[in-house]
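Reading through the structure tokens given below for one structure.
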2 protein chains.
Amino acid sequence: MKPTVYEIEEGNKLLPRFDLHEYLPCITLDADTGEVLMLGYMNKEALERTIETGLATYYSRSRKKIWVKGEESGFFQHVKDIFIDDDQDTLLLKVKVDGGASCHVGYRSCFYRKLKAGSKEELEFTEKNKVFDPKIVYKHSS
Amino acid sequence: MKPTVYEIEEGNKLLPRFDLHEYLPCITLDADTGEVLMLGYMNKEALERTIETGLATYYSRSRKKIWVKGEESGFFQHVKDIFIDDDQDTLLLKVKVDGGASCHVGYRSCFYRKLKAGSKEELEFTEKNKVFDPKIVYKHSS
């Protein structure tokens, strides 16, 4: 039976509502600093594995496969808390990150640029230095 | 000409990459506390209006229309910063919220529940009290 709006919004049962493509977007925060690190996507299997293993596990839409964050770089995300939003179509993870970086470009967070004040298209960098060199960390990747 | 990966990831020009449905997910944070308030979606027009007006403007996928956050509740979101992620397919907004609430259920944040430790499906509430009564705030809505 389809859950009611009340059960979804005010209930205490996890009733994830995956989108048309069977994905659920997932905002991932650093558990210590509260900084937003990235937005990933999970399918049902990725969410189950995340809950079971305590390691953030996403579904890569480009590679079309389950992906344990850190399996290539070693920068695993250890899940401290899993939140869900009002209509249960978005997750929020609080994680401790091995190595302190979550962006494949080398920065701590994927959100390292912001729109310059007064500009409609010029970005400025808010993180000045990369935490790692992606050429070294991903040297074994194809 | 299609921008290169380098231009997208390392460049200083906003080159938003909307998804198949012409949406861009947008994580919205409270500019003062850093708390994640919600995940919304923008299409090209919503992003342009957000930049031009300084008021967070989303595209409602359910109502299929541009939606200035707060137009019904009065809880407008005043944009302080607009970040974009590495591959420019996700936005992050830092906002000041009139009234201090961003969730239509009445809570400050949409992420007011988390999975109970050790459980696979039981949620616990992390916000105890609603900031407003949606029945009163949305009384003029259909």
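Among the residues that make up the stretch A:9-26, is at least one of them more than 10 Å from every other protein chain (Cβ to nearest Cβ) and in a strand (DSSP E or B)?
The answer is yes; a qualifying residue exists.
Does A:S119 meet the test of being within 12 Å of another protein chain (Cβ to nearest Cβ), in a loop (DSSP other than H, G, I, E, B) and surrounded by fewer than 16 Cβ atoms within 10 Å (Cβ to Cβ)?
yes
For the stretch A:16-42, name all the residues that are out of contact with any His (no Cβ under 9 Å at 6 or more places or on another chain) and farther than 19 Å from A:D86 by Cα.
A:H21, A:D30, A:D32, A:T33, A:G34, A:E35, A:V36, A:L37, A:M38
When the residues of the stretch B:38-63 are narrowed to those that are open to solvent by 90 Å² or more (accessible area, probe 1.4 Å) and at pLDDT 95 or above, which ends up nearest to B:R17 (Cα to Cα)?
Result: B:K44.
For the stretch A:44-55, state whether one or more residues are away from chain B (no Cβ under 13 Å) and assigned to a strand (DSSP E or B).
Yes, the conditions are met somewhere in the stretch A:44-55.
Quick grid of which residues meet (1) among the small types (G, A, S); (2) in contact with a helix residue (DSSP H, G or I) (Cβ under 7 Å, 6 or more places away or on another chain); (3) modelled with pLDDT under 95:
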site	(1), (2), (3)
A:I84	no, no, no
A:K96	no, no, no
A:A101	yes, no, yes
A:G106	yes, yes, yes
A:R113	no, no, no
A:G118	yes, no, yes
A:E121	no, no, no
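Please identify the pairs in which a residue from the stretch B:123-135 that is assigned to a loop (DSSP other than H, G, I, E, B) has its Cβ atom under 7 Å from the Cβ atom of a residue that is open to solvent by 70 Å² or more (accessible area, probe 1.4 Å), counting only partners at least 6 apart or on another chain.
B:E127/B:R108; B:V131/B:R108
Failed condition for B:G70, given (1) away from chain A (no Cβ under 12 Å); (2) open to solvent by 20 Å² or more (accessible area, probe 1.4 Å); (3) in a loop (DSSP other than H, G, I, E, B), with all others met?
The one condition B:G70 does not meet is (2).
The values are calculated or read from the model by the stated rules, or taken from the named source; none is laboratory data. Treat the numbers as computed from the prediction; the structure is a model and nothing was measured. Note: ideal-geometry Cβ built from the backbone for every residue, glycine included; neighbour counts use all protein chains shown. Surface areas here come from the heavy atoms of the whole protein model, side chains and all, with no ligands, DNA or RNA. Shrake-Rupley method; radii C 1.70, N 1.55, O 1.52, S 1.80 Å.
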